[in-house]
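Below is one structure, written out as C-alpha cells; comments come after it.
Here, each number is a calculation from the coordinates, and none is a lab measurement. If you're wondering where the values come from, they're calculated on a predicted model, not measured in any experiment. Glycine gets a Cβ as well: all are built from the backbone with ideal geometry, and neighbour counts include every protein chain shown.
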Amino acid sequence: MPSGAAVIRYQGKRGVVWRVKYVDAAGEQVMETIGREPEWNRKRAEAELRERLVRVERKGYRRPDKLTFGDYADAWLDENAGKRRWSENTRRAYRGGFRRLRPFFGRMPLGAIRPRHVAAFTAEAVREHGPTTVNQDLNLLHNVLASAVREELIEINPAHRPERPKVPDHEFTWRILEPGEVAKVLKSFTADRARLVFLTAILTAMRRSELVNLRWADVDFIDGAIRVRKSKTRDGYRSIAMPASLSSALWEWRTSTPYSSDEDYVFASPESGRRMNPDRWWNKQWKAALKVAGIEGYVRPFHDARHSSLTHQAAGGSSPVAIMAGAGHSSMATTKKYLHLAGVVFKDEADALERRLLGAPVMPRETEVER
C-alpha cells in the first residue's frame, strides 16, 4: 500500500463508519467517508481504496473542490447560452427549470449528489408539477451533471436513467378542432390580425415560435410557400405549401399593414412593429374567440391549433412523409401519433401489397360512391 494510504474504522456518535485516506495526483491528503456498518466492512473498504489509488495513478484524479450544484449550474447556463447561441425563449425555459431544481440541489456539493437524491426530488416534484414538467427537469439535471462528468468534477452521473413519472398519452390530452369548429372560431375573432394568426396556424401547423418570428421575406407569394428559417430544431427549417385562401389573406394583410417590408414581422404589433407577444395578446384573443364560438377545453392555444392541423392532414389522406416534412418533425415516431389520432388505415397500400403478392384482388373494395 502506498505511503499515506490507509483504511480507517471510525466509531462516531451515530455508529461505525469506514473511511479511506490517500494522496491524490496533486499531492493533497484526502480523507473520505465511504459508508457505514454493517453495509461496509474492512474488505469492502480496502477494495474501494484500491480503486481510488488506480484513479490517482492512471487518471490523475484530484479531489474536487466543494463546488455546489447551484454555482455550477449558473456557470453551465452562461457558458452554453453563448456557445450554442440559445434564443431568449430557450434561456427562459432553462432558467425556469433551474428555479425548480435549485431548492433541492442548489446547496449540495456536486460530488455529494446520489441517485437516491434524484429519486427523492422526483417524488417531491411530482406532487407540485405535472409529469411532463418533472421529466423536463430531470433531462436538464442529467445534462448538467453529464457536463460535470466530462469535466472530471464527478465520477458518475447520478441522474443517469432515473425512474420517471408516467406522462399521459397525448391522445387523451390534445383537443382537436372539428372542421365545423374551425369555421366557428374563424368567425369569432374580433381582430383581423388574430384571425390571420389562427388561419395560418390551422393551415400550416407552424409552431408558436415559428409564427412569432415569421417575416415577410419568408412568405413567397410567387411559389405559394412559407419558408420557416427559424425553428426549434434543424429539421424545422422547411418550406410549407400555402393554400390559396391563406396566400390571399396574407397578401391582403401585407397591403394594409404599415409593417410590410421584407424584414418586418408578419404579425407585428400594430403599435411598435415588434414581434407579437403571444402571452399578453394572442392568448387573450384566442380565449375570447373560443368563448364566442362556444368551445371549451382549450389550455394551449398554439399547440392545439398545430395538433388539429396535423391530425386533419392525416385524416384527409396526406402521406406520412408529407406530414412529417411539413410539421418539421425529426422522426417518423412523432408523426405516427397524428396518424393514430386520425385513425388512418392505409387501405391503398394494403391493396398494392395484395396485388404484388397475390395478383388481382380477391374481393374488389367498394368505392366511396358505391358506399
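The GNM of the chain, with springs linking C-alpha atoms under 10 angstrom apart, assigns the highest mean-square fluctuation among Gly12, Gly106, Gly60 to Gly12. For Met276, the residues whose modelled amide H falls within less than 5 Å of its own, excluding neighbours fewer than 5 places apart on the same chain, are Ser269.
Take every Cα pair under 8 Å whose residues are at least 6 apart in sequence, average their separation, divide by the length of the chain, and the relative contact order is 11 percent. The alpha-carbon atoms of the chain define a convex hull whose volume equals 247 cubic angstrom per residue.
How would Ser209, Ser330 line up from fewest to most surrounding beta-carbon atoms within 10 angstrom?
Ordered from fewest to most neighbouring Cβ atoms within 10 Å, Ser209, Ser330 come out as Ser330, Ser209.
For the residues Arg14, Arg55, Arg127, a GNM of the chain with alpha-carbon springs under 10 Å puts the largest fluctuation on Arg14. With respect to the chain, whose longest principal axis is taken over its alpha-carbon atoms, helix 283-293 is tilted by about 50°. Going by neighbour counts of Cβ atoms within 10 Å, the residues Glu163, Glu46 line up, fewest first, as Glu163, Glu46.
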